[in-house]
């Protein structure tokens, strides 16, 4: 028999927030973690949580935590393999309890759900839309992948693809009438493809040759600059001398100088009948030009090879302008940078750990600078002075704040977005004049909790202080929704049906006239206050 206690594996920032939310909803909590800081342990124990220290994959520890009698099992440690192994054990020992786990790889998460009958979420994928929305000035609230369909919940104005206008009235969510203004919209990409974003305020800058040349000159070594100046001076001097004293036109003199210093020697111009001083000068030009050109070629080859090696090692300065700098290529940082790059926004990333799993994948998408963003030289290599946006997404909130403040000093016009873990700290960050501060755990934790407590939940989001759940339900003959239209359900019960499927496999957008026939599956938006209405409706 399933009792009411919940099990949480991993008590990092996300796990601790999940445990806190479960206690706030009245569920006893047992937590298992490899390590936990004293402050977190004290705060959770003060809430009545039971904490066991050890490996999630330990059968004796899971048994001691009461896994066989748990109401739900949530595994959100930073180790995806440990989460997966613990989820398999939980499913084996407790067939009734919902099992929720955290996985970074979305494809793996989908396969795990299909084969094990568990729910898997990527915390970084849940949080990424908030960062991308803030960076692109979009009014996106949340993005969900539901049965292979990407559903975007946003404020009115994001009207690409198939749009389902909705109205929020108190705790009710319903379809928007023809004479009403929508509060929010659910949109699906046209043709089943990826949703295309409206143009953002950050766009890819045009290539400007003059800026590129000047940038190369500014960052060239003093030796290279000196050789270029010397070579140019020798050529100009030769042109002047052969024009004034060699009887050549300026163009012929330039042509003769180029063939001389490059040792081409076509023979159409020569110094056979020139005066002795001019021949001596010609000898000087041949020796000086050849020496300077050979040295210049060597330096150019060295520059190209060095640039290539530095690019591979992440030490090469980027030459972008109006781009976005993403600091930290952990799970959240990589996901956000990847999503921004997919939208066509130029991105440069900074990562302190060259051995990070995401660095090699990131290098195929955008420039990556290896080094600590706390160092001014590293920020300069990322082109912070020319950047339009900075997202500091490391695991250290204080480092994120420091990086954002430093970026604002280097570039007063830059917009900065920082990652934090505490909602209160996010508000404090904004007091520094930062553009945005976002708590990843505050975004992801409610989804894990709602999926564990309410069967069929795909996720949740908050609008106007109201928590809205995204739930999949099967409409049986005896259910309150059977035989009713989506419009009637919305106006009478405050529940919005956005997707409907007759066979539970192929979903299409619901209209107010869509009838929910017995046996159909529906994707619903509803607040927690509306959950009792669905108490008789089984999960699909």
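The values are calculated or read from the model by the stated rules, or taken from the named source; none is laboratory data. Please read all numbers here as calculations on a predicted model, not as lab measurements. No Cβ is skipped: glycine too gets one built from the backbone with ideal geometry, and neighbour counts run over all protein chains shown.
So that you can scan it fast, the table gives a plain yes or no per residue for (1) crowded, with 19+ Cβ neighbours inside 10 Å; (2) closer than 15 Å to residue 144 by Cα:
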{"site": "444", "(1), (2)": "yes, yes"}
{"site": "448", "(1), (2)": "yes, yes"}
{"site": "456", "(1), (2)": "yes, yes"}
{"site": "465", "(1), (2)": "no, no"}
{"site": "470", "(1), (2)": "yes, yes"}
{"site": "473", "(1), (2)": "yes, no"}
{"site": "478", "(1), (2)": "no, no"}
Checklist entry - For the stretch 438-540, which strands (runs of 3 or more DSSP E) that fit wholly inside it have 2 or more residues that are modelled with pLDDT of 85 or more? => result 466-474, 496-501, 521-527
Item to check | Filtered residue count, the stretch 77-95, keeping only those that are out of contact with any helix residue (DSSP H, G or I) (no Cβ under 8 Å at 6 or more places or on another chain), part of a loop (DSSP other than H, G, I, E, B) and within 17 Å of residue 330 (Cβ to Cβ) | outcome: 2
Checklist entry - How many residues does the stretch 1-34 hold that are under 27 Å from the mean Cα position of the chain (by Cα) and either part of a helix (DSSP H, G or I) or surrounded by fewer than 19 Cβ atoms within 10 Å (Cβ to Cβ) (or both)? => result 9
Checklist entry - Which of (1) closer than 29 Å to residue 357 by Cα; (2) surrounded by fewer than 16 Cβ atoms within 10 Å (Cβ to Cβ) does residue 89 not meet, given it meets every other one? => result (2)
Next on the checklist: Yes or no: the stretch 420-428 includes at least one residue that is assigned to a strand (DSSP E or B), surrounded by 17 or more Cβ atoms within 10 Å (Cβ to Cβ) and at pLDDT below 90.
Outcome noted: yes
Item to check | Only listed residue being touching a strand residue (DSSP E or B) at 6+ places or on another chain (Cβ under 8 Å), in contact (Cβ under 8 Å) with a residue 12 or more places away in the chain and under 21 Å from residue 463 (Cβ atoms), chosen from 90, 172, 97 | outcome: 172
Checklist entry - So which residues in the stretch 234-248 are in a loop (DSSP other than H, G, I, E, B) and in contact with a helix residue (DSSP H, G or I) (Cβ under 7 Å, 6 or more places away or on another chain), if there are any at all? => result 246, 248
Item to check | Wholly enclosed strands (runs of 3 or more DSSP E) of the stretch 130-199 bearing at least 2 residues modelled with pLDDT under 80, over 16 Å from the mean Cα position of the chain (by Cα) and surrounded by 21 or more Cβ atoms within 10 Å (Cβ to Cβ) | outcome: none
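Residue-wise test of (1) part of a helix (DSSP H, G or I); (2) over 13 Å from residue 327 (Cα atoms).
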residue	(1), (2)
377	yes, yes
385	yes, yes
390	no, no
395	no, no
400	yes, no
407	yes, no
Next on the checklist: One residue is enough: does the stretch 47-69 have a residue meeting the conditions under 20 Å from residue 422 (Cα atoms), touching a residue at least 24 places away in the same chain (Cβ under 8 Å) and part of a helix (DSSP H, G or I)?
Outcome noted: no
Checklist outcome for this item: Per the filter on the stretch 481-498, residues surrounded by fewer than 22 Cβ atoms within 10 Å (Cβ to Cβ) and within 13 Å of residue 520 (Cα to Cα) are 482, 483, 484, 485
Next on the checklist: Need pairs with beta-carbon distance below 6 Å; first residue outside the structural domain of residue 293 (by TED's automatic domain parsing) and in a helix (DSSP H, G or I) and within the stretch 214-229, second at pLDDT 60 or above and surrounded by 11 or more Cβ atoms within 10 Å (Cβ to Cβ); sequence gap 6+ or separate chains.
Outcome noted: 215/319
Item to check | Selection within the stretch 337-350 - closer than 25 Å to residue 14 by Cα and touching a strand residue (DSSP E or B) at 6+ places or on another chain (Cβ under 6 Å) | outcome: 337, 340, 349, 350
Checklist entry - Which of (1) in contact (Cβ under 8 Å) with a residue 60 or more places away in the chain; (2) under 23 Å from residue 422 (Cβ atoms) does residue 72 not meet, given it meets every other one? => result (2)
